[in-house]
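> Before I ask anything, here is the structure I am working with.
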Number of protein chains: 2
Amino acid sequence: MTKPDSKRSSVALVTGKPANAAEEQVNNGSSDPSVSGSPHHALTPPTPTKHKSAKQVSRDNLSRRNTESEVFDDGTNTFFWRAHTVTVLFILTCVLVYVTLLEETPQDTTYNTKRGIVASILVFLCFGVTQAKDGPFTRPHPAYWRFWLCVSVVYELFLIFVLFQTVRDGRQFMKYIDPKLGVALPERDYGGNCLIYDPGNTTDPWHNIWDKMDGFVPAHFLGWYIKTLVIRDWWMCMIISVMFEFLEYSLEHQLPNFSECWWDHWIMDVLVCNGLGIYAGMKTLGWLSMKPYQWQGLWNIPTYKGKIKRMAFQFTPYSWVKFEWKPASNLRRWLAVLGIIFMFLLAELNTFYLKFVLWMPPEHYLVLLRLVFFVNVGGVAMREIYDFMDDPKFYRKLGQQAWLVAAITVTEFLIVVKYDPRTIMLPIPFFVTQCWFLGIVLILSWTLWRFFIRIQIPFSTICYVYRLILKLIKEKILINLHTMAHNDKAKRGLVILENFIQKIYKNIPYLRKYSL
Amino acid sequence: MTKPDSKRSSVALVTGKPANAAEEQVNNGSSDPSVSGSPHHALTPPTPTKHKSAKQVSRDNLSRRNTESEVFDDGTNTFFWRAHTVTVLFILTCVLVYVTLLEETPQDTTYNTKRGIVASILVFLCFGVTQAKDGPFTRPHPAYWRFWLCVSVVYELFLIFVLFQTVRDGRQFMKYIDPKLGVALPERDYGGNCLIYDPGNTTDPWHNIWDKMDGFVPAHFLGWYIKTLVIRDWWMCMIISVMFEFLEYSLEHQLPNFSECWWDHWIMDVLVCNGLGIYAGMKTLGWLSMKPYQWQGLWNIPTYKGKIKRMAFQFTPYSWVKFEWKPASNLRRWLAVLGIIFMFLLAELNTFYLKFVLWMPPEHYLVLLRLVFFVNVGGVAMREIYDFMDDPKFYRKLGQQAWLVAAITVTEFLIVVKYDPRTIMLPIPFFVTQCWFLGIVLILSWTLWRFFIRIQIPFSTICYVYRLILKLIKEKILINLHTMAHNDKAKRGLVILENFIQKIYKNIPYLRKYSL
């Protein structure tokens, strides 16, 4: 690899904004070897106004340079990289002429309506794949990511349409997509026998474990492997993985398939499937960060083996940014990380609730398609959010894919709420509410302490506040909730919590000193 | 205005690619006065690879600099220029929550379907206006042009849907938009009495002229004023204006409202309305080209009068590129100019044919909306085509708006052909076919001569070829067409043409020498 290429790659590194993906593409398409270089740079002469922001940007991105792998590109592959706008337009016209003028139009209105909608979507994809704005990713081809962008637009519009129907119409509407849909799902029972070693079963006492070893084990592993590549942070992955198990515990009274055995939750899901997936993901991340990308053009590689290797490498990213979320560095990043975790968990819950309210069997291909979709758009969205947080001065726009993923997650959740408010509003067990309440209080107080107070609070004050909260829970909330707790589980939870508080209140002498 | 600003504007001039519109916006949003300038330019250090294309670009755009008005921008207006992606997402979420969860869903399926489709379109516009790719125009605001881009996507998808319906369903489908539509139009008679001075009418002998002085006179004037601003070329405007009158003559057997009196065609349309519109447009163009744009920020202007003037100037363009089509400079430009004229005329014809086949009354608001739409997108599309032709090495993508306008024009034409093949296939009068045939032959031969042969052809050869063509017309085509000519008009045309050819054949002694 010659010197100029490595220099050029450093340009891409320093600018650091997602738009450099597009720039790279243009350069790929236009570097004409017949035009020789000149030392003066006509495109962007150094002007005072630009310098103002330039210094800022270079400082902002100094740390970023360290988190990105090195890239070398020799700028060939011109035909491959071009968008072929005119070609696509010409082919589209030919297809339209053939289908609409030379074929006989069927007389079936329903069929024609369906066909018209599918044709509109295809034309939209044609437009979008050639013309939509490029995102941060370029490999294997920018058109691939433009395609997924357009798919997310179509999906979001579909969701909006479904959201505006009545519950009955919405469920029946799924029949247009697959006539097998629109039928109520049979009730299923999960959980059941939780013995790891079942002595009652003589043929195979471990049968409970073998029962759980179905297709969902590799699915969990693969899912978390990809999620790790998307989030690119060990800690956030672990937090989300554990939080989701807590959510399953909390919501098993609403969706029966959240109820699992304790060892299924913690050992098989968190430790084995998710843990191994995250571990493998982090290993891959390490490899991607270390890799010095050498994007030599295919025709410049002499050997066949080299050419094939280059083709395979087209499916690895152009360059790799290590995410450093640094949630505690300032309030904005902290809130953003909380928001990301919240949206991530919401999207995961939507997978299950959406199936439930739209009467989709779990093994239906649409469920799988939705996951494939999220895998493809999630990576782009997360990178855009990272860029949005990372360069606040320079790149103020929230990326388009991130915008859409947020809108999609919100719309999916609204559909769930609208289609089955009864299930969503099922009274949460009191014990569970208390746990979440405590969690939120802890997060809030840490936020306050870290970003607003920033002073060394004496331990006595903490005890005082803690005691105040306990008193409040005991005297105001618990008594009120006793009258509201309808089912036995909630009542039992209440009693446990009351005893627990009583215990703290009585047995810690330090707390008793600060009696109110 | 200080020096740095004028320097910076020259950057925008030299790069010359439409993407600079987006750059300008980013600069507007990010130039932070607290960060002081530094002489070294971290964003784009001069690298050898970039220089290759840089020299090329600067050479390509040297001529362009002369065709563009000067621009000065002080880079304020930050809040105004930002896209507010997160704000729009938040408001959208709130609206969705309100409409879908807090309002009672109506039980009417048809109403809900309509509402769902309208909501999908609105969400698409929300997404597009904040996130779509910026085009070449920035004033009054980039979001304005992104809005029209999204509208064209929606319109194109609507057309595709209509294209896939049967003729009956398609016409009835218009009832969903306006219940008054979907009814066959009454037959109308145009043309009629063509006497300029009608002695038979004693009260007002000029009544034929006053009859024509309706709302269409200012409409024609305004239309051609805007078209001139779009095309920005005196010659192309005149050619299109005259060509359209020829088209009206040629197609008056298909659409009765094309039949007008000769003085209506040539004096009132071409000379008075169109001519004055083009003249006014060219005057405005001259003013815009001369104008040195000083885009001072609103808060930096001391007087109130100045502020108001600045606000009004927001509705004038950011900078102005004089179009120099130069059709004869090379084959590519020549074909492109022919293509533009063809598409322009096709779009104009579509206005009339689409009304006819979809049973739209001429005074319906949708007809007007379509024209407003074309005025807004046409300017962007033409500029993108100009850029596409002007910088072939640098900016290879056909602009998104141009792509869409082309697709829309083609789709509209396909709808016309599919919905009323009978009218379109009405036998064209023979005389008219011959005229068009001759025109096409002339254009083809000029193209061949200018771009392929480029030698001085002896006059004798031209006469020989001309004689050959005449002989061909006389012996092969005319005789065959005599048997095919069904109506009297065609037969009369044939006879006129035959006599004409006979005359040339007999009376020019020079031609007789080269007898075949």
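The values are calculated or read from the model by the stated rules, or taken from the named source; none is laboratory data. These numbers come from a predicted model, not from an experiment. Don't worry about glycine lacking a Cβ; one is built from the backbone with ideal geometry, like all the others, and counts go over all protein chains shown. To get the accessible areas, we keep the full protein, side chains included, count just its heavy atoms, and leave off ligands, DNA and RNA. Shrake-Rupley method; radii C 1.70, N 1.55, O 1.52, S 1.80 Å.
> Is there any pair with a first residue in the stretch A:185-214 that is assigned to a loop (DSSP other than H, G, I, E, B) and a second that is among the hydroxyl-bearing types (Ser, Thr, Tyr) and modelled with pLDDT of 70 or more whose Cβ atoms are under 7 Å apart and which are 6 or more apart or on different chains, and what are they?
From the stretch A:185-214, the pairs are A:Tyr190/A:Ser259; A:Gly191/A:Ser259.
> In addition: With the structure loaded, tell me whether A:Val123 is modelled with pLDDT of 55 or more, within 8 Å of chain B (Cβ to nearest Cβ) and assigned to a helix (DSSP H, G or I) or whether it fails that test.
Numbers: modelled with pLDDT of 55 or more: yes; within 8 Å of chain B (Cβ to nearest Cβ): yes; assigned to a helix (DSSP H, G or I): yes.
So A:Val123 passes the test.
> So, one more: Give me the pairs: first residue in the stretch B:254-276 and surrounded by fewer than 17 Cβ atoms within 10 Å (Cβ to Cβ), second residue among the hydrophobic types (A, V, I, L, M, F, W, C) and part of a loop (DSSP other than H, G, I, E, B), beta-carbon distance under 8 Å, and six or more apart or on different chains, which are they?
Hits for this filter: B:Trp262/B:Cys194; B:Trp263/B:Cys194; B:Trp263/B:Ile196.
> Just to be sure I understand, how many residues within the stretch B:423-438 are more than 14 Å from chain A (Cβ to nearest Cβ) and either within 24 Å of A:Glu104 (Cβ to Cβ) or open to solvent by 30 Å² or more (accessible area, probe 1.4 Å) (or both)?
10
> If I filter the stretch A:385-403 down to residues being part of a helix (DSSP H, G or I) and more than 22 Å from A:Asn350 (Cα to Cα), which single residue comes out as modelled with the lowest pLDDT? Explain how you work it out, then say what you get.
So in the stretch A:385-403, the residues part of a helix (DSSP H, G or I) come out as A:385-390, A:400-403.
The next check asks that each one be more than 22 Å from A:Asn350 (Cα to Cα); those that pass are A:386-390.
On the way: A:Tyr386: 83, A:Asp387: 81, A:Phe388: 82, A:Met389: 79, A:Asp390: 73.
Step by step, filter the stretch A:385-403, then rank; the result is A:Asp390.
> Does the stretch A:162-178 contain any residue that is away from chain B (no Cβ under 13 Å), open to solvent by 50 Å² or more (accessible area, probe 1.4 Å) and at pLDDT 70 or above? Working first, answer last.
Initially, the stretch A:162-178 is screened for residues away from chain B (no Cβ under 13 Å), giving A:174-175, A:177-178.
Adding the requirement that they be open to solvent by 50 Å² or more (accessible area, probe 1.4 Å) leaves A:175, A:177.
Now narrow it down to the ones that are at pLDDT 70 or above: A:175, A:177.
Yes, the stretch A:162-178 contains at least one residue that is away from chain B (no Cβ under 13 Å), open to solvent by 50 Å² or more (accessible area, probe 1.4 Å) and at pLDDT 70 or above.
> Out of the residues in the stretch A:93-112 that are part of a helix (DSSP H, G or I) and among the hydroxyl-bearing types (Ser, Thr, Tyr), state the one that is least open to solvent (accessible area, probe 1.4 Å). It would help to see each step written out before you state the result.
Taking the stretch A:93-112 as the starting set, the residues that turn out to be part of a helix (DSSP H, G or I) are A:93-102, A:109-112.
Applying the additional criterion that residues be among the hydroxyl-bearing types (Ser, Thr, Tyr) yields A:93, A:98, A:100, A:109-111.
On the way: A:Thr93: 37, A:Tyr98: 123, A:Thr100: 7, A:Thr109: 64, A:Thr110: 80, A:Tyr111: 110 Å².
Looking at the filtered set, the residue picked out is A:Thr100.
> Here's something else I'd like to know. At pLDDT below 85 and part of a loop (DSSP other than H, G, I, E, B): does that describe B:His265? Even if it seems obvious, please write down each step before you answer.
Values: at pLDDT below 85: yes; part of a loop (DSSP other than H, G, I, E, B): no.
Here the answer is no, as B:His265 does not meet what is asked.
> Regarding the stretch A:133-140, can at least one residue be identified that is open to solvent by 20 Å² or more (accessible area, probe 1.4 Å), within 24 Å of B:Gly135 (Cβ to Cβ), within 8 Å of chain B (Cβ to nearest Cβ) and touching a residue at least 12 places away in the same chain (Cβ under 8 Å)? Before the answer, list the steps.
Filtering the stretch A:133-140 for residues open to solvent by 20 Å² or more (accessible area, probe 1.4 Å) gives A:133-134, A:137, A:140.
Then keep just the ones that are within 24 Å of B:Gly135 (Cβ to Cβ); that gives A:133-134, A:137.
Still in the running and within 8 Å of chain B (Cβ to nearest Cβ): A:133.
Narrowing the set further to residues that are touching a residue at least 12 places away in the same chain (Cβ under 8 Å) leaves A:133.
Yes; the residues of the stretch A:133-140 include at least one that is open to solvent by 20 Å² or more (accessible area, probe 1.4 Å), within 24 Å of B:Gly135 (Cβ to Cβ), within 8 Å of chain B (Cβ to nearest Cβ) and touching a residue at least 12 places away in the same chain (Cβ under 8 Å).
> How many residues does the stretch A:407-422 contain that are within 11 Å of chain B (Cβ to nearest Cβ) and over 24 Å from A:Ala381 (Cβ atoms)?
3
> Still on this structure: Being under 24 Å from the mean Cα position of the chain (by Cα) and at pLDDT below 90 narrows it down to one of B:Ile440, B:Ile457, B:Ile462, B:Ile415, so name that one. Break it down stepwise before answering.
Details: B:Ile457 fails: under 24 Å from the mean Cα position of the chain (by Cα); B:Ile462 fails: under 24 Å from the mean Cα position of the chain (by Cα); B:Ile415 fails: at pLDDT below 90.
The match here is B:Ile440.
> Restricting the stretch A:141-160 to residues that are among the hydrophobic types (A, V, I, L, M, F, W, C) and free of Cβ contacts under 8 Å to residues at least 12 places away in the same chain, which is nearest to A:Met174 (Cα to Cα)? Write out each step before concluding.
So in the stretch A:141-160, the residues among the hydrophobic types (A, V, I, L, M, F, W, C) come out as A:143, A:145, A:147-151, A:153-154, A:157-160.
Narrowing the set further to residues that are free of Cβ contacts under 8 Å to residues at least 12 places away in the same chain leaves A:157-158.
On the way: A:Leu157: 15, A:Phe158: 11 Å.
Looking at residues that are among the hydrophobic types (A, V, I, L, M, F, W, C) and free of Cβ contacts under 8 Å to residues at least 12 places away in the same chain, I get A:Phe158.
> In the stretch A:398-418, what residues are open to solvent by 10 Å² or more (accessible area, probe 1.4 Å) and of a type in the set (Phe, Trp, Tyr)?
Hit for the stretch A:398-418 is A:Phe413, nothing else.
> Taking into account only those residues within the stretch A:330-370 that are open to solvent by 60 Å² or more (accessible area, probe 1.4 Å) and out of contact with any Leu (no Cβ under 9 Å at 6 or more places or on another chain), which is nearest to A:Ser241 (Cα to Cα)?
This residue is A:Phe342.
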